[in-house]
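**Student:** Attaching a single structure in structure tokens format; questions to follow.
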Amino acid sequence: MSDIKKAFVQLHLSVMLAGFTGLFGKLITLNEADIVWYRMLFTSLILLTFTGLPKVGRKKLGQLAGCGALLGLHWMLFYGSIKASNVSIGVICYSLVGFFTAIIEPFFYHRKISAIEVLFSLITVLGLLCVFSFDARYRYGISIGVLSSFVAALYGVCNKKASVGVQTRAVLFYQMSLGLVAMSVVIPLYLLAFPAQQSVFVIPEGSNLWWMLCHALFCTVGLYILQIQALRTLSAFTVNLTYNLEPCYTIAIAFIVFNEARELNFSFYVGILLILVSVVLQTWRATLHKK
């Protein structure tokens, strides 16, 4: 299997795992700040068991810590969007990551903004506008979700640079462990900006503990190892835009588990179709480019 095909397989496997992230965000009844803090804690402990303490230079540690902080902030906003609306709305907002990446990535790599990348991303934006128009009740959740997608795009671009020359498991371990420290500082500030609607700093137990452990093992360790490996071959834009498929997996699960189909209308499905078209076009373009 060629490197490009292997990278796309790894990428799509990680997207499938990401499809369950929104499901866990709904199943776990903790506040989004608690979900993120414990997700990073459990992931760090799991990775520490298998990797020990990998040696990484101070400069790289600083870069990985920054990426961990961005990732944690993205997660909090993502779960906040779900709790303010529903699973389907929360994940569909993530589709804007490709648009933000098309704007941010050229500045990091000192290249011109690609008109074709922006065009594909604008198809996604049009799809999101269709989703945005369908129900005013969810506009607050959508607004948080859009901010989440911007932070996710920034993380993806920074992560591509920070992970160069570092083993995949070491990248993930230090992002989770140092990100945990950063989140301990960020969470109080986050709660000032987005006041909690439920108790915070709650210790997970019962089903919450079980779902948190599964979330950390499969949708964090497994997902991000695959994603980091894919980033070594593919551009951050291609990876982030392909993650626009995540809503398709998550929404299908939400329809089955939470019966969310009854809350959605025709414009929502038109939006999903447009987002899917943008992903197919970019995947096709990336494959031709590599060939």
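The values are calculated or read from the model by the stated rules, or taken from the named source; none is laboratory data. None of these values were measured; they are calculated from a predicted model. In this analysis, Cβ positions are derived from the backbone assuming ideal geometry, glycine residues included, and neighbour counts consider all displayed protein chains. The protein model used for the area step is the full one, side chains on, heavy atoms only, and it has no ligands, DNA or RNA in it. Shrake-Rupley method; radii C 1.70, N 1.55, O 1.52, S 1.80 Å.
**Student:** What number goes with the only condition from (1) under 27 Å from PHE108 (Cα atoms); (2) open to solvent by 40 Å² or more (accessible area, probe 1.4 Å); (3) modelled with pLDDT of 85 or more that SER177 does not pass?
**Tutor:** It is condition (2) that SER177 fails.
**Student:** Failed condition for TYR109, given (1) open to solvent by 30 Å² or more (accessible area, probe 1.4 Å); (2) in contact (Cβ under 8 Å) with a residue 24 or more places away in the chain; (3) of a type outside the set (Asp, Glu), with all others met?
**Tutor:** Just one mismatch for TYR109, condition (2).
**Student:** Considering only the range 221-269, state which residues are assigned to a helix (DSSP H, G or I), open to solvent by 50 Å² or more (accessible area, probe 1.4 Å) and at pLDDT 80 or above.
**Tutor:** GLN229
**Student:** If you don't mind, another one. Is it true that LEU23 is at pLDDT 90 or above and either in contact with a helix residue (DSSP H, G or I) (Cβ under 6 Å, 6 or more places away or on another chain) or under 18 Å from TYR155 (Cβ atoms) (or both)? Write out each step before concluding.
**Tutor:** Numbers: at pLDDT 90 or above: no; either in contact with a helix residue (DSSP H, G or I) (Cβ under 6 Å, 6 or more places away or on another chain) or under 18 Å from TYR155 (Cβ atoms) (or both): yes.
Taking the combined requirement at face value, the residue does not satisfy it.
**Student:** A further question follows. I'm trying to understand the selection: among the residues of the range 1-55, which are touching a Leu at 6+ places or on another chain (Cβ under 7 Å), under 26 Å from ILE251 (Cα atoms), open to solvent by less than 20 Å² (accessible area, probe 1.4 Å) and not β-branched (Val, Ile, Thr)?
**Tutor:** Within the range 1-55, ALA7, LEU11, SER14, ALA18, ALA33, MET40 qualify.
**Student:** Another question, if that's okay. Could you check the range 64-83 and list, in sequence order, the residues that are open to solvent by 40 Å² or more (accessible area, probe 1.4 Å) and in contact with a Ser or Thr (Cβ under 9 Å, 6 or more places away or on another chain)?
**Tutor:** The answer is LEU73, and nothing else.
**Student:** Right, another one. Within the range 93-102, is there a residue that is farther than 19 Å from TYR269 by Cβ, open to solvent by less than 30 Å² (accessible area, probe 1.4 Å) and either among the acidic types (Asp, Glu) or not in a helix (DSSP H, G or I) (or both)?
**Tutor:** No: the range 93-102 contains no residue that is farther than 19 Å from TYR269 by Cβ, open to solvent by less than 30 Å² (accessible area, probe 1.4 Å) and either among the acidic types (Asp, Glu) or not in a helix (DSSP H, G or I) (or both).
**Student:** While we're looking at this one, here's another question. All but one of (1) without any contact (Cβ under 8 Å) to a residue 40 or more places away in the chain; (2) under 16 Å from the mean Cα position of the chain (by Cα) hold for THR43; which doesn't?
**Tutor:** Single failed check for THR43: (1).
**Student:** Would you mind stating whether PHE194 is closer than 19 Å to LEU70 by Cα, open to solvent by 40 Å² or more (accessible area, probe 1.4 Å), of a type outside the set (D, E, K, R) and in contact (Cβ under 8 Å) with a residue 24 or more places away in the chain?
**Tutor:** Values: closer than 19 Å to LEU70 by Cα: yes; open to solvent by 40 Å² or more (accessible area, probe 1.4 Å): yes; of a type outside the set (D, E, K, R): yes; in contact (Cβ under 8 Å) with a residue 24 or more places away in the chain: yes.
Yes; evaluated as a whole, the condition is true for this residue.
**Student:** Within the range 133-148, take every residue that is closer than 11 Å to SER85 by Cβ and of a type in the set (Ser, Thr, Tyr) and give me the one that is modelled with the highest pLDDT.
**Tutor:** Residue satisfying both the conditions and the ranking: SER143.
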